[in-house]
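The values are calculated or read from the model by the stated rules, or taken from the named source; none is laboratory data. This is a predicted model, so every value here is computed, not measured. Cβ placement follows ideal geometry from the backbone for every residue including glycine, while neighbour counts extend to all protein chains displayed. SASA here: full protein model, heavy atoms, side chains in, ligands and nucleic acids out. Shrake-Rupley method; radii C 1.70, N 1.55, O 1.52, S 1.80 Å.
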Amino acid sequence: MGYVNDCLTAIAVPSISHFPEIEFHPLVPIPPLPQCEVCVIVPVRNEAEVLERTLTALAYQIDLDGYPIHSQRYEVILLANNCSDASVAIAKRFAQQHPELVLHIVEQTLPASQAYIGWVRKRLMDEAHFRLMGLGRKRGVIASTDGDTCVAPTWIAATLHEVHTGADAVGGRIMTDRCDRAALDPYARACHLREVGYRFLIAELEDYLDPDPFDTMPRHFQHYGASFAVTADMYERAGGLPPVRTSEDVALYRALLRVNARFRHSPRVRVTTSARQVGRAQNGLAHQLKEWATMGVEQQPFLVEPAGAIVARLQARHELRRLHKRALDGYQPTASEIALPANRLGIDRDWLMDRLAQPASFGALLEQIEQQQVEEGLWQQRWPLVNIKQAINDLRLLLEPLRSSVNNASHFNNTLPLVNNALPSVTTASPLMTTASV
């Protein structure tokens, strides 16, 4: 799970509008049942300690009214790769004990070139896509989780609810196991909880400054493999899961944004995952927790992007969203219109004007801007990282007047102008927002 940083490799993956025309070899020889609406995929490697709980959670799914979901409406494909424990035996025994659950167990020993989470999840999601499209279910749901994760009883129903109300893809709220969290190194636990709070505050600020009509509050910030769902047709339109070794979930999220997918960060969709410090994926949550524990030993601060940088990005993004929409209708933005967002983002105005004139999706434009910011370097100079405690405090201070403005103007149809009036315009770093606390 790509938990803290969106990997740069995901940015570099080119957009693909269709699957490569290669021969597909199914993992599961048995065709799906005609009633199947959801194909759940579970990558597994040495999960003997927790796998039975994972499968039990999937076996007893209920709808939003509390009634059992008919087991034929969904299937589970479990790919056990390179296991050296009893994972496969546990899965097979569970299947025998729960014949009502449509559970397909695939065991493979992969070569080193393929034995990583990115390839395994891609193989599973491609399989789910193949099966759903074979049924003619373009809006059928590919639902990803992990072998160390317990989905909520309404996980499938809540995901279907979001899809039926217009979402093309859904990121579920991923919580860590309470007992695992309590056993963490104290500094790692504090970093984890602060990081969650920091990202929730950013998600709220985003809703004020650059609202997405398909992803309104309440919402969260996670789009990771432990709870990631996408319709079969949108998965195909995005080119499938990009071929990256790690943070494959973030790479898929970005690929979906490139094709204008309606992505929902739904608090209705919930799972609980382990908070172990010895994981199966490079750069996943376990890796991050271990890194935080090491930082605690070495007395290193947890540094993040400051609140001012986040405000500047969101304000510029909102302005660019408006200009991009008008440009698609044939309007040519003026240099003066582009100057402000270019200045806020620390990039060359003429470069931005040229990119706006090209027929790219808004998600693709944002990725190009991120790359340009790295190349020009002004953004990093303007916004040095700060201690996460300082960033959280500044975000709270910024959000307080925004919440008041919206609450006091609840009878207005459009509160965004009031929000912008409550928040000072940010073009350069302020002393308050770049001071790191010790």
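General observations
- For region 355-374, the candidate set comprises residues that are among the aliphatic types (A, V, I, L, M) and in a helix (DSSP H, G or I); within that set, the residue that is surrounded by the most Cβ atoms within 10 Å (Cβ to Cβ) is I369.
- Of the criteria (1) open to solvent by 10 Å² or more (accessible area, probe 1.4 Å); (2) touching a Cys at 6+ places or on another chain (Cβ under 9 Å), which one A251 fails: (1)
- Considering residues of region 147-169 that are open to solvent by less than 20 Å² (accessible area, probe 1.4 Å) and acidic (D, E) only, the residue nearest to Y253 (Cα to Cα): D168
- In region 231-272, residue modelled with the lowest pLDDT [restricted to those that are over 20 Å from K122 (Cβ atoms) and over 14 Å from the mean Cα position of the chain (by Cα)]: N260
- Residue match in region 149-159 (condition: within 22 Å of D215 (Cα to Cα) and part of a loop (DSSP other than H, G, I, E, B)): yes
- Per-region count, region 338-354, residues in a helix (DSSP H, G or I) and out of contact with any Leu (no Cβ under 6 Å at 6 or more places or on another chain): 11
- Residue check, E52 in a helix (DSSP H, G or I) and touching a residue at least 12 places away in the same chain (Cβ under 8 Å): yes
- Of residues in region 380-437 being hydrophobic (A, V, I, L, M, F, W, C) and in contact with a strand residue (DSSP E or B) (Cβ under 6 Å, 6 or more places away or on another chain), the one modelled with the lowest pLDDT: A436
- Scanning region 176-198 for residues that are buried (at least 19 other Cβ atoms within 10 Å of the Cβ) and more than 23 Å from V386 (Cβ to Cβ) returns T176, L184.
- Qualifying positions in region 92-115 - free of Cβ contacts under 8 Å to residues at least 24 places away in the same chain, surrounded by 11 or more Cβ atoms within 10 Å (Cβ to Cβ) and outside any loop (DSSP other than H, G, I, E, B): K92, R93, A95, Q97
- Any hit, region 81-91, residues being outside any loop (DSSP other than H, G, I, E, B) and surrounded by fewer than 16 Cβ atoms within 10 Å (Cβ to Cβ): yes
- Qualifying positions in region 194-239 - within 20 Å of G363 (Cβ to Cβ) and of a type in the set (D, E, K, R): R199, E206, D207, D210, D212, D215, R219, D233, E236, R237
- Scan of region 375-392 for residues that are free of Cβ contacts under 8 Å to residues at least 40 places away in the same chain and in a helix (DSSP H, G or I), ordered by number: E375, E376, L378, Q380, Q381
- Helices (runs of 4 or more DSSP H) within region 209-305 that include 3 or more residues hydrophobic (A, V, I, L, M, F, W, C): 248-258, 285-297
- Taking first residues from region 180-200 that are part of a loop (DSSP other than H, G, I, E, B) and partners that are buried (at least 17 other Cβ atoms within 10 Å of the Cβ) and of a type in the set (S, T, Y), the Cβ contacts under 9 Å between residues at least 6 apart in sequence or on separate chains come to L184/T176.
- Single residue of region 296-336 satisfying the filter (open to solvent by 40 Å² or more (accessible area, probe 1.4 Å) and hydrophobic (A, V, I, L, M, F, W, C)) that is farthest from W351 (Cα to Cα): V297
- Test for M133: is it closer than 23 Å to Q72 by Cα and either open to solvent by 20 Å² or more (accessible area, probe 1.4 Å) or not in a helix (DSSP H, G or I) (or both): yes
- Condition broken by L64, with the remaining ones in (1) farther than 20 Å from T109 by Cα; (2) surrounded by 13 or more Cβ atoms within 10 Å (Cβ to Cβ) satisfied: (2)
- Out of L209, L201, L205, L241, sole residue that is open to solvent by less than 40 Å² (accessible area, probe 1.4 Å), over 26 Å from L395 (Cβ atoms) and touching a helix residue (DSSP H, G or I) at 6+ places or on another chain (Cβ under 8 Å): L241
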